[in-house]
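Have a look at the structure below, then the notes.
The values are calculated or read from the model by the stated rules, or taken from the named source; none is laboratory data. All values reported here derive from a predicted model rather than from experimental measurement. Ideal geometry is used to build each Cβ from the backbone, glycine not excepted, and the neighbour counts take in all protein chains shown.
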Amino acid sequence: MDESTKRKWDFSSSFYDLMAYGPERRWAPDKRNLFANMQGKVLFVAMGTGQDIPFFPPGRDIVGIDISPQMLARARTRAANYVGLLDLQVMDIHKLEFPDHSFDQVVTSCTFCSVPNPIAGLTALRRVLKAGGMLYMFEHTGSHVFPFNLMLDVMTPLWKSIGPEMNRDTVANVKKAGFEIQQVNNIYLDVVKTIIATSPA
Amino acid sequence: MVSQKGDILERRFYFLAGDALSNSTIGMASAWLATSIVDPTWHILTAMLTGMAAGMGLSLILMPLFVSLFGAMEVMLPVMLTAMLAGMVFGMLDAMHVQTFLEVLLGGGLVGILVLMLTYAADAGIHSKNS
């Protein structure tokens with residue numbers, strides 16, 4: 001378990017919901033659309049305080065993981081209201097305790113801005129995903145457009161001690177981890193986006 | 001159907017108003033702070049850089065409030081740009097001549113709205129390339 005990352009998110013859990021009201025309300029329609037694709041056995045990575053649970057379609061079979069016990073403690077109330085199977089587990093993405101090829105789909109939501117080693121994390125997800133399985137991601141990334149790229153580079157060192165990194169090239173990381181990109185859909189500038197990829201057979 | 005449409009419109013208005021409020025407030029505050037710090041005797045370049053730093057520093061303090069209400073990247077990016085530009089412009093102007101409080105507030109607010117419109121245009125441009 002990466003203790004420093006765990007501590008960071010345990011600390012952030014106390015004010016996370018307060019900060020997430022605006023972003024979650026703004027992103028709700030796009031998250032709902034993406035999560036509507038959930039089918040079969042689904043791994044949801046970085047559950048946080050469970051802000052995304054109300055956007056899950058009902059009746060699905062989902063395992064949600066997070067590195068922070070404090071975050072998951074808050075998520076349990078929302079999980080209790082979910083109509084379907086939703087199992088929450090404290091787990092580090094770099095050390096997934098699931099057998100190979102045990103999920104039909106993996107879903108992430110604002111996850112790979114924070115995973116310490118994103119390519120290793122994505123490779124771990126590919127291991128637990130069935131061949132041909134789908135990866136659905138809702139992420140914010142760096143930008144290729146000036147001056148937004150400059151702003152994100154400036155913000156990253158200021159922000160990352162309590163939260164995410166703002167300037168990662170997550171689409172490139174997904175490819176480097178061996179996934180095949182199916183679709184990238186920009187939601188806000190080229191920063192907030194959905195990424196759909198498959199694990200090659 | 002009607003209530004869903006109403007909900008979408010209400011949501012759109014909430015975020016449009018929030019974006020405008022965030023950017024104009026940060027623009028005004030950054031311009032005011034820059035002119036409060038900069039002295040008319042300063043060199044224009046020093047005034048500009050000091051104003052920029054002051055604006056960006058202030059935006060980091062005020063930003064969490066607006067982020068929590070109106071969105072993450074959609075607020076952070078234009079607000080940081082607004083703070084940087086309003087601080088630069090009004091720091092520089094203050095080194096050239098004295099401005100009234102009202103001029104500073106209106107000018108700072110205007111910078112915020114212009115930055116917001118440019119950001120919307122950039123967003124629309126990226127989406128049109130997508131489609």
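A few notes on this one:
- Tally of residues being in contact (Cβ under 8 Å) with a residue 24 or more places away in the chain and facing chain B (nearest Cβ under 10 Å) across the range A:24-42: 3
- The single condition from (1) within 11 Å of chain A (Cβ to nearest Cβ); (2) under 21 Å from residue A:166 (Cα atoms) that residue B:116 fails is (1).
- Note on the range B:64-74: residues that are assigned to a helix (DSSP H, G or I) and within 7 Å of another protein chain (Cβ to nearest Cβ) total 7.
- Test: residue in the range B:87-108 that is within 14 Å of chain A (Cβ to nearest Cβ), assigned to a helix (DSSP H, G or I) and either over 25 Å from residue A:188 (Cα atoms) or in contact with a helix residue (DSSP H, G or I) (Cβ under 9 Å, 6 or more places away or on another chain) (or both): yes
- The single residue among B:45, B:49, B:33, B:21 that is assigned to a helix (DSSP H, G or I) and within 14 Å of chain A (Cβ to nearest Cβ) turns out to be B:21.
- Selection of the range A:150-172 for residues being more than 8 Å from chain B (Cβ to nearest Cβ), more than 29 Å from residue A:35 (Cβ to Cβ) and either in a helix (DSSP H, G or I) or of a type in the set (Lys, Arg) (or both) yields A:150, A:153, A:157.
- Residue match in the range A:88-96 (condition: surrounded by 15 or more Cβ atoms within 10 Å (Cβ to Cβ) and within 14 Å of chain B (Cβ to nearest Cβ)): no
- Considered as a group, the residues in the range A:110-149 that are within 14 Å of another protein chain (Cβ to nearest Cβ) and more than 14 Å from the chain's Cα centre (by Cα) include one that is surrounded by the most Cβ atoms within 10 Å (Cβ to Cβ), and that residue is A:148.
- Applying the set (1) small (Gly, Ala, Ser); (2) in a loop (DSSP other than H, G, I, E, B); (3) modelled with pLDDT under 95 to residue A:50 leaves exactly one unmet item: (3).
- Taking the range A:116-151 as the range and being without any contact (Cβ under 8 Å) to a residue 40 or more places away in the chain and touching a Lys or Arg at 6+ places or on another chain (Cβ under 9 Å) as the test, only A:124 passes.
- Criterion (among the charged types (D, E, K, R) and more than 23 Å from residue A:96 (Cα to Cα)) met by exactly one of A:160, A:130, A:175: A:160
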